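Written below as structure tokens is the structure these notes are about.
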Amino acid sequence: MSQVRFKSVKELEEYRRSLQSASGFPRLISISSASCGRASGALKIASAFEKSIKEFGLNEKVKLKLTGCHGFCQFEPDAIIFPEKYFYPNLRPEHVPLIVEETILEGKMIPELAFKDEANQKVYLTVDELPFYRKQLRWLMDFHLDLDPTSLDDYFRHEGFKALGSVLSSNKPEEILNIISASGLRGRGGAGFPTGLKWRLAREAKADKRYLICNGDEGDPGAYMDRGLLESNPFSVVEGMIIGAYAVGAEKGFVYIRQEYPLAIERVEQAIEKAREAGFLGEDILGSGFSFDLELVRGAGAFVSGEETALIASIEGRRAFPRQRPPFPVVRGLWEKPTVINNVETWANVPLIIRQGPTWFSRVGTEKSKGTKIFSLVGQVRYTGLVEVPFGLTLGEVINEVGGGPKNGKKIKAVQTGGPSGGCIPASMFNLPVDYESLNQAGSIIGSGGMIVLDESTCLVDMALYFLNFASLESCGKCAVCRIGTRQMVRILKKISSGEGEISDLERLEKLGWTMQKGSLCGLGRTAANPVLSALGYFRAEFEKHIVDKECPALVCQKLIAYEIEPEKCANCQLCLKACPYGAIRVGTDGAPVINQELCTRCGVCYSTCPPQFSAIRKVSWKSLEQNDDKRPGGN
Amino acid sequence: MKNLGNKISIVEKILQTLPGERRYLVHFLHLVQQATGYIPEEILPAAARHFSVSPSEIFGVVTFYSAFSLKPHCQHEIVVCQGTACHVRGSGAIMEEFSRWLGVKPGEENLEKNVLLKPVNCLGCCAIGPVVVVDGQLQAKVDLKEVKRIAEKLTGESEKRE
């Protein structure tokens, strides 16, 4: 491929036609190779394919592509074979020669290696058949199945920069603002502010310079939609930003990515450079007279940087301290100039809306939430990964149909959405449609799109403590309400989780939470109490159980549980005895191991060491153990 | 280990490539951290002159972000993801177990074994948690009973090298 610099839209479209008319490969092997795929060994699978293709002399017949994230991350490394879209999950290098022989040469799927539903042993051969994919509407993520994120040509084949071309050749900025407004697109970062309005405010603010920022500081633990997009289709974000810059009248933009995502940084850096070489960034883009350039800024590991005013401070080279709003960044942002900050997914939606039109976009969704949303569906659910669904699907549909429902026969208790700023929604409310307003009313938020499924083995007190601990560590310390409030809440929750809480603590938590909601400077502090308040609202009984009965029903809070060896199940293999780091397991009088509860720290190593065919070690409530002791002859 | 003078000259070279605008400060610190493994306090005055801010301001930025450190770190690094999805799958216990094996608290280092134990908020590999990164290599679905093997392998290796 020769990199050309396009001087006009016509040149670009001619080049695209020449690419499309060139004969392609009859078959494509696509390997999910984003960070999570690589962690599971995708690159080894890729080199096995490469070797095998060479051995069979198939270099002309099949193309091997390292794509971004296919979304079904739990079953990585996976390969999809086109055109049938055969899906091979959990691949190992030794599977590869067989697949090349059967599927690439003969066109036959190997059912033994196909995806099998453990629940009913049903085998699914193709992506389109898989229940995980069937219920999704993958407007953005379909590209991730067969797009090479490092190739500009491949992006062109997927209609890349077509939207930019049409905007620059036939639209005034004002028209773009109208299109985005009409589409109903709202910010995908969490707050859900109408994107078209945000752009208009920045355009209408009086200034000599305007800036754009792409917020890729995806800090919510348990959420990785933006990493998925940036690693899988970085050009779409770049294209979205150029269109945004044209509409807003900005001359410079920044893509801010957290440093924990090295591959995303590499991909975006590459995309910016290639786009610049091809004439999509820089002076006089596509001969339109419009100029715009992008720069990548690497975060430095601070959750609060995701807050827009803190992010601006970070780009300016300062500590990521938030500041009072208003003035909002659209009026006074980066270096005091009007600045539009949008989330990665928001930018990625822009080229799509321009290509397909606002009515096409807004026909999907609910009254106030339009289009699709990517969620990271994780936690205690059968199928985990990145899913893209239309707004308006119910929580139950997402969790039970896309996610395949509960895992290991346990019961799902709640779903946590919105990360440290969100809350838990109980399973009894799973008929709620997924949209900004419904989740808000339920005391949570859509947030950036984390959806963590919790089953009965999760303790809500522990979850609340987890999130508050997170918030207190990440509180920047600028305002006292958040700095001290989060810390006090952690103290109280620790008390409760160790069985030393008082009933009045619950009221104290609510009071502190209310104060933080009203009095904090930025979004971090204002929302930090949400995980506690929502858990208190829906699962108060669980808190009371910890306080009054000193019991943790989910058997999670370490101070309130104990481990016990069931003699009738124990095979006396003594693995636990060797594994116990504290020497708390000894051989008892009858020759079988017993746990000395005084030495035991409840680290759980024995529990995970006991071979699954025995499962002789069980978690019990500390209290029930005491009662047993009492009943023992000679006890007390 | 390179001596301090050497490090200062590396840092001065980095400074020469960057404009003296404040917005390059964080980028500069990333480059220094990468090149020398930490931010030597001795370089703050030179950096302050270059970016026209006070050394204390730079000190503030360095200590604010978790990516920068004023002390050189150990050769090995075990990073345990503490993200929510990893948490509900037991990463807390995994961290405690590492902490016990290495005899250090999360965020601290064992100088003798040359290992830093580091918590991280979320690595965004939530579908395959609990996730542990050992010397840059990501390991998926780590079980509590694997901790001992990982810790021993790493520290055993470091002994061999010495």
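For a footprinting-style exposure proxy, rank A:Asp505, A:Asp549 by other Cβ within 10 Å, fewest first.
Arranged by neighbour count, lowest to highest, A:Asp505, A:Asp549 become A:Asp549, A:Asp505.
What Rg and what Dmax come out for segment A:106-222 when only alpha-carbon atoms are used, in angstroms?
Cα only, segment A:106-222: 21.0, 65 Å (Rg, Dmax).
Based only on Cα atoms, what Rg/Rh ratio does segment B:76-161 have, Rh being taken as Kirkwood's radius?
Value, to two decimals: 0.94.
Taking R0 as 60 Å, what FRET efficiency do you get between A:Glu266 and A:Tyr582 from their Cβ-Cβ distance, rounded to the nearest 0.05?
0.85
Pairs A:Lys373/B:Lys118; A:Lys495/A:Lys619; A:Lys559/B:Lys141; A:Lys135/A:Lys410; A:Lys198/A:Lys373; A:Lys337/A:Lys518: which are spaced more than 30 Å apart, C-alpha to C-alpha?
From the list (A:Lys373/B:Lys118; A:Lys495/A:Lys619; A:Lys559/B:Lys141; A:Lys135/A:Lys410; A:Lys198/A:Lys373; A:Lys337/A:Lys518), the Cα-Cα distance tops 30 Å for A:Lys373/B:Lys118.
Would you mind getting the Kirkwood hydrodynamic radius of segment A:460-549 from its Cα pairs, rounded to one decimal in Å?
Final number for the Kirkwood radius of segment A:460-549 is 12.6 Å.
Order by neighbour count: A:Lys54, A:Lys209, A:Lys337, fewest other Cβ atoms within 10 Å first, most last.
Ordered from fewest to most neighbouring Cβ atoms within 10 Å, A:Lys54, A:Lys209, A:Lys337 come out as A:Lys54, A:Lys209, A:Lys337.
Using only the Cα atoms of segment A:521-636, each taken as one equal point scatterer with no solvent, compute I(q) by the Debye sum, divide by I(0), and report log10 of the ratio at q = 0.18, 0.19, 0.23 Å⁻¹.
Taking Cα atoms of segment A:521-636 as identical point scatterers yields -0.95, -1.01, -1.29.
So which GluC sites (Glu not before Pro) in segment B:7-48 pass both tests, a DSSP loop state and at most 15 other Cβ atoms within 10 Å of the Cβ?
B:Glu21
Do you know the relative contact order of chain A, to the nearest whole percent, from alpha carbon pairs under 8 angstrom that are 6+ apart?
Taking the mean separation of contacting Cα pairs over the length of chain A, I get 11 percent.
If you fit an axis through the alpha-carbon atoms of helix A:344-356 and take the longest principal axis of the Cα set of chain A, what angle between them do you get, 0 to 90°, nearest 10?
With both axes taken from Cα atoms, the answer is about 40 degrees.
List the GluC sites (Glu not before Pro) within segment A:9-63 that fall in a DSSP loop (any state other than H, G, I, E or B) and whose Cβ has at most 14 other Cβ atoms within 10 Å.
Here the GluC sites (Glu not before Pro) that fit, given the DSSP loop and packing criteria, are A:Glu60.
How large is Rg/Rh for the protein assembly as shown, to two decimals, with Cα atoms and a Kirkwood Rh?
Rounded to two decimals, Rg over Rh is 0.97.
Using 1/(1 + (r/R0)^6) with R0 = 45 angstrom and r between the beta carbons of A:Gln488 and B:Ser54, what's the FRET efficiency to the nearest 0.05?
Here the calculated transfer efficiency is 0.85.
Which value in deg cm²/dmol, rounded to the nearest 500, describes the helix-derived mean residue ellipticity at 222 nm for chain A, given -39,500 (n - 2.57) per DSSP H run of n ≥ 4 and division by the residue count?
Computed mean residue ellipticity for chain A: -11000 deg cm²/dmol.
Over the Cα atoms of segment A:249-336, compute the convex hull volume and normalise it per residue, giving Å³.
Normalising the Cα hull of segment A:249-336 by residue number yields 90 Å³.
Ignore the peptide's own chain and count Cβ atoms of other chains within 10 Å of each Cβ in B:126-138; give me the average, rounded.
What the average comes to for B:126-138 is 5.
Just round it to a whole percent: the fraction of Cα-Cα distances in segment B:4-64 exceeding 14 Å.
48
Which angle between 0 and 90 degrees, to the nearest 10, do you get for helix A:9-21 versus the longest principal axis of chain A when only C-alpha atoms count?
70
Among A:Asp220, A:Asp153, what is the fewest-to-most ranking by other Cβ atoms within 10 Å?
If I rank by nearby Cβ atoms, fewest first, I get A:Asp153, A:Asp220.
Which one of A:Leu439, A:Ala427, A:Val389 is farthest out on the positive end of the charge dipole of segment A:376-469, using unit charges on Cβ (Lys, Arg +1; Asp, Glu -1) and the Cα centre as origin?
With unit charges placed on the Cβ atoms, the residue in question is A:Ala427.
Relative to the longest principal axis of chain A, what angle (0 to 90°, nearest 10) does the C-alpha long axis of helix A:262-277 take?
Relative to chain A, helix A:262-277 is tipped by roughly 0 degrees.
Sequence neighbours fewer than 8 away in the same chain don't count; with that in mind, list the lysines whose C-alpha is under 17 Å from A:Lys578.
Straight-distance partners of A:Lys578: B:Lys145, B:Lys148.
Can you give the Kirkwood hydrodynamic radius for segment A:23-136, in Å, rounded to one decimal and based on Cα pairs?
About 14.1 Å for segment A:23-136.
Each value in this text was obtained by applying a stated rule to the coordinates, not by laboratory testing. Computed from a predicted structure; not experimentally measured. Cβ atoms come from the backbone with ideal geometry, glycine included; neighbour counts cover every protein chain shown.
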